[in-house]
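The values are calculated or read from the model by the stated rules, or taken from the named source; none is laboratory data. Bear in mind that the values here come from a model prediction, so they are computed numbers and not experimental data. Every residue, glycine among them, receives a Cβ derived from its backbone with ideal geometry; neighbour counts consider all protein chains shown. Calculation scope for accessible area: heavy atoms of the full protein, side chains included, ligands and nucleic acids excluded. Shrake-Rupley method; radii C 1.70, N 1.55, O 1.52, S 1.80 Å.
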Amino acid sequence: MRARGGPAAAPDAMCPLRPGDMCTLCVPGATGPQDCPTVAEVMRDPELRARLAELRADRLADLRRG
């Protein structure tokens, strides 16, 4: 719970390239996934995007299996 009149805590960003992991700001100068050059490069490349989709589907399947 935040103090009255204090700033709200920003939610922790998830890394879009490591399903299930928090963004650790591993690229100098990045403030989160929204301006991470590695994320941008993966999203620009069709093969990398397809592989990322596979990884996300695998992660979701693992979560559903328990």
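Assorted remarks:
- Summed over the stretch 23-39, residues that are in a helix (DSSP H, G or I) and surrounded by 14 or more Cβ atoms within 10 Å (Cβ to Cβ) total 3.
- Among the residues listed as 65, 4, the single one being modelled with pLDDT of 90 or more and open to solvent by 70 Å² or more (accessible area, probe 1.4 Å): 65
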